[in-house]
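Novice: Structure incoming, see below.
The values are calculated or read from the model by the stated rules, or taken from the named source; none is laboratory data. Since we're looking at a predicted model, the values are computed, not measured. Backbone-built Cβ (ideal geometry, glycine too); neighbour counts: all protein chains shown.
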Amino acid sequence: MKHAQVLGTFPAGSPRGSWPAEELAARLRSQGRAAEVVMDLATDAFLVVAPGRPAEVVHVDAVEAASAHPEQERYTAAS
């Protein structure tokens with residue numbers, strides 16, 4: 001199994017489908033960060049992941065806050 005840092009989760013049943021996940025991934029890529037969208041069938045959710053990093057879940061709010069403050073090096077892990 002490949003390791004990836006989960007940067008955000010979005011329910012697959014959302015009316016907008018994968019768009020919110022794709023938008024977050026695009027915003028992160030525009031900041032020079034590796035990000036891709038994958039589907040987690042077990043949880044029926046779209047995940048925004050940074051490939052090749054240790055598995056770690058973060059709150060989407062933390063990602064959005066970090067996007068507003070690009071000087072932050074890493075995202076805050078969820079508790």
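Novice: Working only within region 19-34, note down all residues that are in a helix (DSSP H, G or I) and polar (S, T, N, Q).
Specialist: Passing the criteria: only S30.
Novice: Please determine whether any residue of region 3-18 is more than 12 Å from the chain's Cα centre (by Cα), in contact (Cβ under 8 Å) with a residue 40 or more places away in the chain and outside any strand (DSSP E or B).
Specialist: There is at least one residue in region 3-18 that is more than 12 Å from the chain's Cα centre (by Cα), in contact (Cβ under 8 Å) with a residue 40 or more places away in the chain and outside any strand (DSSP E or B).
Novice: Right, next: Of all residues in region 35-50, which are part of a loop (DSSP other than H, G, I, E, B) and loosely packed, with under 15 Cβ neighbours inside 10 Å?
Specialist: L41, A42, T43, D44
Novice: Something else: Answer yes or no as to whether A26 is in contact (Cβ under 8 Å) with a residue 24 or more places away in the chain and among the aliphatic types (A, V, I, L, M).
Specialist: no
Novice: Go over the candidates S67, S18 one by one and state the one that is in contact with a Lys or Arg (Cβ under 7 Å, 6 or more places away or on another chain), modelled with pLDDT under 95 and at negative phi.
Specialist: Going through S67, S18 in turn, just one is in contact with a Lys or Arg (Cβ under 7 Å, 6 or more places away or on another chain), modelled with pLDDT under 95 and at negative phi: S67.
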